[in-house]
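Read the structure below first, then the notes.
Please treat every number below as a calculation from the coordinates, not as lab data. Remember, predicted model here, so these are calculated numbers, not experimental data. Here the Cβ positions follow ideal geometry from the backbone for every residue, glycine too, while neighbour counts run over all protein chains shown.
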Amino acid sequence: WRGWEKGRRAYPFAPTGIGRDTVKALHDSGAKVVAVSRTKEDLASLSKECPGLEPICVDLGDWEATSRALGNIGPVDLLVNNAGVLLTEPFLEVSKEAFDRTINVNLRSVIQVSQIIARGMIARGVPGSIVNISSLVSRATIPTLTSYSCTKSAMDMLTKVMALELGPHKIRVNTVNPTVVLTNMGRKVSADPEFANALKERTPLKKFAEVEDVVYSILFLLSDKSAMTNGSGILVDGGYLAS
């Protein structure tokens, strides 16, 4: 992939895990990268690894703060919406606070940030690509993930609507839908050995995803190699939904 988007400006959310490795892959490929996180320490360490990175520290769950931080962002050609929180609660114990926080970060921020970036693309008359990081649980049920699953299912439909309305402006929008990925968030979901083993057993490849499995799918959707892919989702699930 090296050099495939050299000089283009990319904008992933990158505290840890998938976002962080996506930033590093884009940076290594020659893209000018803007990275967003609410954690200054994560941005500082990432900036050391990726010289020239433009870090922005903001809580994307805060609409007003996000508007102030990103309202004057420069030209961006590629956007990865990767910010997310996962708060586990049984359905009968779902709280307003947890549900609102999950909606605000996982879904509402995608709408707000994508509006900002897409308007800039349209004003400049340039094509672009937006990748929304969804999940296997947008299509399959897992206990205690009510709020998270709802946001990911909604994200899949949001992606289709965005693809429909932004397509005429040559802006493509797609999702990547991974199974459990071996990040801090993924380990939280799979902490129960019995549950984790059951999930792996139903997966034909008998394993969870590595971060790089997701990153390569993101890079494909950002690149011109996916020029006719719009409103679609790449399943990185090891065949889980095929079983």
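Lys/Arg Cβ at +1, Asp/Glu Cβ at -1, dipole of the chain taken about the Cα centre: which of Leu92, Gly71, Pro127 is farthest positive-ward?
My answer, from the dipole projection, is Pro127.
If you take the charge dipole of the chain about its Cα centre, with +1 on Lys and Arg Cβ and -1 on Asp and Glu Cβ, which of Tyr216, Asn177, Leu199 is farthest toward its positive end?
Most positive-ward Cα: Tyr216.
Find how much the distance from Lys207 to Lys40 grows on full extension, using 0.36 nm per residue of separation minus their present alpha carbon separation; answer in nm with one decimal.
On the way: separation 167, 0.36 × 167 = 60.12 nm, distance 3.31 nm.
Length gained, Lys207 through Lys40: 56.8 nm.
Just to verify a number: FRET efficiency for Leu92 and Leu241, C-beta to C-beta distance, R0 = 30 Å, to 0.05? Could you put the intermediate results ahead of the total?
On the way: r = 27 Å, r/R0 = 0.90.
Plugging the Cβ-Cβ distance into 1/(1 + (r/R0)^6) gives 0.65.
Among 128-135, 70-77, 207-214, how do they line up by average Cβ neighbours within 10 Å per residue, starting with the highest?
Details: 128-135: 26.2, 70-77: 15.0, 207-214: 18.1.
Answer by packing, highest mean first, reads 128-135, 207-214, 70-77.
For the residue pair Thr229 and Glu49, what label-to-label distance in nm results when each label sits 7 Å from Cα along the Cα-to-beta-carbon direction?
Taking the simple label geometry, Thr229 and Glu49 are separated by 2.3 nm.
Hey, got the dipole for the range 108-202? About the Cα centre, +1 on K and R Cβ, -1 on D and E Cβ, debye to the nearest 20?
Details: 12 positive and 5 negative charges, 68 e Å.
Rounded to the nearest 20 debye, it is 320 debye.
Using a 10 Å cut-off around each Cβ, can you sort Arg119, Arg172 from fewest to most neighbouring Cβ atoms?
Details: Arg119 11, Arg172 24.
Result, fewest neighbours first: Arg119, Arg172.
With the contact rule set at Cα under 8 Å and sequence spacing of 6 or more, what percent relative contact order holds for the chain? Can you show the working numbers first?
Details: 446 pairs, mean separation 44.3, N = 243.
Once divided by the residue count of the chain, the mean separation gives 18 percent.
Tell me the angle of helix 40-49 to the major Cα principal axis of the chain, expressed in degrees between 0 and 90 and rounded to the nearest ten.
70
If the elastic network links every pair of Cα atoms under 10 Å, which of Leu79, Leu182, Leu107 fluctuates the most in the Gaussian network model of the chain?
Of Leu79, Leu182, Leu107, the Gaussian network model singles out Leu182 as fluctuating most.
Ranked from highest to lowest mean number of other Cβ atoms within 10 Å per residue, what is the order of the peptides 157-164, 44-51? Walk me through the numbers on the way to the answer.
Details: 157-164: 17.4, 44-51: 13.5.
Top to bottom by mean Cβ count within 10 Å: 157-164, 44-51.
Please count, across the chain, the pairs of lysine residues with Cα atoms under 18 Å apart that sit 8 or more places apart or on different chains.
Lysine pair count for the chain: 15.
With a 10 Å cut-off between alpha carbons and a GNM built on the chain, which of Thr88, Thr179, Thr141 moves the most?
Thr141
Which angle from 0 to 90°, rounded to the nearest 10, does the C-alpha axis of helix 109-124 make with the longest principal axis of the chain?
30
Please check: in the Gaussian network model of the chain (C-alpha springs, under 10 Å), which one of Gly125, Gly17, Gly233 has the largest mean-square fluctuation.
Top of the fluctuation ranking is Gly125.
Once you charge only the Cβ atoms, +1 for Lys and Arg and -1 for Asp and Glu, what is the size of the charge dipole of the chain about its Cα centre, to the nearest 20 debye?
I would put it at about 640 debye.
Quick one: helix 193-202 against the long Cα principal axis of the chain, what's the angle to the nearest 10°, folded into 0 to 90?
70
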